[in-house]
Amino acid sequence: MKIRLLVAGLVVASSAFAQDYPNKPIRLIVPYGAGGGSDFVGRLVGQKLTEQMGQSMVVDNRPGAASLLGTELAARAAPDGYTLLLADSGFTINPAYYKNTKYDPLKDFDPITVVAETPYVLVVNPALSYAGSLAEFIAAAKAQPGKLNIGSAGNGSGTHLSGELFKLRAGLDLTHVPYKSAGAAVADVVSGQIQSSMSSPPAAMTLIRAGRLKVLASAAASRTALLPDVPTFAELGVQGVHVTNWYSVLSVGGTPKPVLKRLHEELTRAIASPDMRERLAAGALEPAPNTPDEFRKMIAAELQRWGQVMKEAGIRQE
């Protein structure tokens, strides 16, 4: 009887807390510096939820260590719904790539929803003799094992591991060249310093539209509205290369369920709004909301996938 009363009391307390939520500013930790894709999405989310919930959402940029510093800071926060994390695909890549990751993506966080995503794409210099199609690029790479380069935004980045996944599924020996950013990598593709790079539309769209980069394939599940004329890897016969960079919101593990429900409702409403969809499209991003359960399953699947890619590619943890 006492246990039932205790449980009932906790439920009532949790519901009362949720009804009063939020009664102070909410902090949204963005584990990257200002100006990047995560910061862009974080500020959109912060603005919309401030308008909708009548309480300020403050974007707190905490860059460092490939997003580990900000993510670990969020993991240690109180599970009260007043500290949220804006996470991208690095959230599931880092535990596979780094030995001493100090957070558990499934235990330390409660997923709320993915906000938007953009596919990784394979770009080349259009002046190359084998830039006509993915098949031509693959044939050239197979004829010159280890001689063609593929750039990325750095070791352990989404562009790095998506490139490794492409190499594995296409059976290619390409030399990985890490850069400090996706922009630096595609700049060297344009200048002819390297032959190819995995990138994402936000980092490469200006050069693509100017005809200075050629997109050979998209890692989306199906053709994207961002690049409707670009076929997917699967369409072109390379199966298993479906990778997007996604931007999401999570709360600290153990946040009261009514608070999580409220946050999911508010975020879903924000993502559905015409002005936010317009601004996402302007940033070469597509809305991709899902349920907390769907998001949790996605996180689990990605953790497993990146661990397997690391193993197959022979990449050691840093």
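Things worth noting here:
- Taken over region 160-175, the criterion of being open to solvent by less than 40 Å² (accessible area, probe 1.4 Å) and not in a helix (DSSP H, G or I) is satisfied by LEU172, LEU174.
- Scanning region 134-146 turns up no residue that is open to solvent by less than 30 Å² (accessible area, probe 1.4 Å) and under 25 Å from PRO292 (Cα atoms).
- Number of the exception - VAL59 against (1) more than 17 Å from the chain's Cα centre (by Cα); (2) part of a loop (DSSP other than H, G, I, E, B); (3) crowded, with 16+ Cβ neighbours inside 10 Å; (4) of a type outside the set (Asp, Glu): (2)
- When LEU85 is tested against (1) open to solvent by 30 Å² or more (accessible area, probe 1.4 Å); (2) in contact (Cβ under 8 Å) with a residue 12 or more places away in the chain, exactly one condition is not met: (1).
- Breaking point among (1) more than 22 Å from SER181 (Cα to Cα); (2) in contact with a strand residue (DSSP E or B) (Cβ under 8 Å, 6 or more places away or on another chain); (3) open to solvent by less than 30 Å² (accessible area, probe 1.4 Å); (4) in contact (Cβ under 8 Å) with a residue 60 or more places away in the chain, for PRO22: (2)
- Hits in region 259-287 - residues which are among the polar types (S, T, N, Q) and closer than 23 Å to PHE109 by Cβ: THR268
- When LYS180 is tested against (1) within 23 Å of PRO105 (Cβ to Cβ); (2) under 18 Å from the mean Cα position of the chain (by Cα); (3) open to solvent by 40 Å² or more (accessible area, probe 1.4 Å), just one condition goes unmet, and that condition is (1).
- The sole residue among ALA210, ALA313 that is surrounded by fewer than 18 Cβ atoms within 10 Å (Cβ to Cβ), farther than 30 Å from PRO79 by Cα and in contact (Cβ under 8 Å) with a residue 12 or more places away in the chain is ALA313.
- Selected residue [of a type in the set (Gly, Ala, Ser) and either on the phi > 0 side of the Ramachandran plot or assigned to a helix (DSSP H, G or I) (or both)] from ALA139, ALA116, ALA127, ALA131: ALA139
- Candidates SER162, SER133, SER181: the one that is farther than 30 Å from HIS264 by Cα and modelled with pLDDT of 95 or more is SER133.
- Residues satisfying the stated conditions in region 155-170, i.e. in contact with a Pro (Cβ under 7 Å, 6 or more places away or on another chain) and either of a type in the set (A, V, I, L, M, F, W, C) or closer than 17 Å to TRP246 by Cβ (or both): HIS160
The values are calculated or read from the model by the stated rules, or taken from the named source; none is laboratory data. Every value quoted in this text rests on a predicted model; they were computed, and no experiment measured them. A quick note on method: Cβ atoms are made from the backbone with ideal geometry, for glycine too, and the neighbour counts reach across all protein chains shown. Calculation scope for accessible area: heavy atoms of the full protein, side chains included, ligands and nucleic acids excluded. Shrake-Rupley method; radii C 1.70, N 1.55, O 1.52, S 1.80 Å.
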